[in-house]
Amino acid sequence: MYDEAYLEETHLVNIQDYEYLTGGKEHRAPVRLRKIYFNKDINYLGGVSIHHENFDRYSLNIKDFSDSRFVVERQSYREGTFYSKYTYLDKASCQKIMDGDIYWMERSQDSLLRDLYLQMKVNDLTPGVVVDYTREVYHMHYCSDMIMFDKSIKSAYDFDTKDVLIDNVFMKERLEEGNYVMTYHQPVIVPRVMANILNYREGKRLLVEAPAEF
């Protein structure tokens, strides 16, 4: 089942824009989020490419390295709407995925893990880039919309899989000084009929694509 559906719009803003948009209020404490994407074609200014193609993007997400579990996520983009499905996985199992030990996922009761197994097995998907976001999140009044400011985006393409989950990777800053990435996040309600269709496809699909060359 899809856990969340939402719309997003992303812009590059400068410090003056940031101060204006936050209304000069006391800034929120930033949080750090690490995402290990299972591909290398990452757009640091948002999830949608310039041509707005549909896509599925898999990642392993870490908010706190001391947690006993991390998050496996599939972010999908379909005709203007994002869909996010995620599951929790213990740290040892996450390390197995990083090391290419994936056969145990084939018979998992979790459909997302079975899907990731197929993508890694059939389409040769592998951990491609590590990205660290330093993010401030502002919740809008009287609704569930959010504005997020990424004040730092660091990444690494050359890394040892043994170091990623213990925070021992050299990262390169991708944002120029004085620039932030602003994302407006708006949850949407998927009608029950559409949700049933999406979930049916989720259980049936097996996408076979030629692996991208980099």
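Exactly one condition in (1) at pLDDT 95 or above; (2) within 21 Å of Asn43 (Cα to Cα) is not met by Pro211; state its number.
For Pro211, the failing item is (1).
When the residues of the range 85-107 are filtered to those that are touching a residue at least 24 places away in the same chain (Cβ under 8 Å) and hydroxyl-bearing (Ser, Thr, Tyr), which remaining residue is most open to solvent (accessible area, probe 1.4 Å)? It would help to see each step written out before you state the result.
Just the residues of the range 85-107 that are touching a residue at least 24 places away in the same chain (Cβ under 8 Å), to begin with: 85-87, 89, 91, 94-95, 97-100.
Next, from what is left, pick out any that are hydroxyl-bearing (Ser, Thr, Tyr): 86-87.
Details: Tyr86: 97, Thr87: 20 Å².
Top of the filtered list is Tyr86.
For Ser66, are the conditions met, namely being surrounded by 19 or more Cβ atoms within 10 Å (Cβ to Cβ), among the small types (Gly, Ala, Ser) and either within 16 Å of the chain's Cα centre (by Cα) or not in a helix (DSSP H, G or I) (or both)?
Spelling it out, it is not the case that Ser66 is surrounded by 19 or more Cβ atoms within 10 Å (Cβ to Cβ), among the small types (Gly, Ala, Ser) and either within 16 Å of the chain's Cα centre (by Cα) or not in a helix (DSSP H, G or I) (or both).
Whether any residue in the range 29-45 is outside any strand (DSSP E or B), of a type outside the set (D, E, K, R) and open to solvent by less than 20 Å² (accessible area, probe 1.4 Å) is what I want to check.
Yes, some residue in the range 29-45 is outside any strand (DSSP E or B), of a type outside the set (D, E, K, R) and open to solvent by less than 20 Å² (accessible area, probe 1.4 Å).
Restricting the range 148-180 to residues that are open to solvent by 70 Å² or more (accessible area, probe 1.4 Å) and under 17 Å from Lys63 (Cβ atoms), which is modelled with the highest pLDDT?
Here the answer is Lys154.
Which residue, of Asp110, Asp124, Asp145, is open to solvent by less than 30 Å² (accessible area, probe 1.4 Å) and over 14 Å from the mean Cα position of the chain (by Cα)?
On the way: Asp110 fails: open to solvent by less than 30 Å² (accessible area, probe 1.4 Å); Asp124 fails: open to solvent by less than 30 Å² (accessible area, probe 1.4 Å).
Testing whether each residue is open to solvent by less than 30 Å² (accessible area, probe 1.4 Å) and over 14 Å from the mean Cα position of the chain (by Cα) leaves just Asp145.
Can Tyr133 be described as modelled with pLDDT of 90 or more, part of a strand (DSSP E or B) and over 18 Å from the mean Cα position of the chain (by Cα)?
no
Identify all residues within the range 124-168 that are among the aliphatic types (A, V, I, L, M) and in contact (Cβ under 8 Å) with a residue 60 or more places away in the chain; write none if there are none.
Passing the criteria: Leu125, Val129, Val130, Val131, Val137, Ile147, Ile153, Val164, Leu165, Ile166.
Do the conditions hold for Phe82, that is, is it touching a Ser or Thr at 6+ places or on another chain (Cβ under 9 Å), open to solvent by less than 20 Å² (accessible area, probe 1.4 Å) and closer than 24 Å to Tyr180 by Cβ? Steps first, answer last, please.
Numbers: touching a Ser or Thr at 6+ places or on another chain (Cβ under 9 Å): yes; open to solvent by less than 20 Å² (accessible area, probe 1.4 Å): yes; closer than 24 Å to Tyr180 by Cβ: yes.
Considered against the rule, which asks whether it is touching a Ser or Thr at 6+ places or on another chain (Cβ under 9 Å), open to solvent by less than 20 Å² (accessible area, probe 1.4 Å) and closer than 24 Å to Tyr180 by Cβ, Phe82 comes out as yes.
Go through the range 1-20 and report how many residues are at pLDDT below 90 and open to solvent by 70 Å² or more (accessible area, probe 1.4 Å).
The qualifying residues number 2.
The values are calculated or read from the model by the stated rules, or taken from the named source; none is laboratory data. For clarity, every value in this text was computed on a predicted model and none was experimentally measured. Counting neighbours? That spans all protein chains shown, and the Cβs are built from the backbone with ideal geometry, glycine included. The area values use the complete protein model at the heavy-atom level, side chains included, leaving out ligands, DNA and RNA. Shrake-Rupley method; radii C 1.70, N 1.55, O 1.52, S 1.80 Å.
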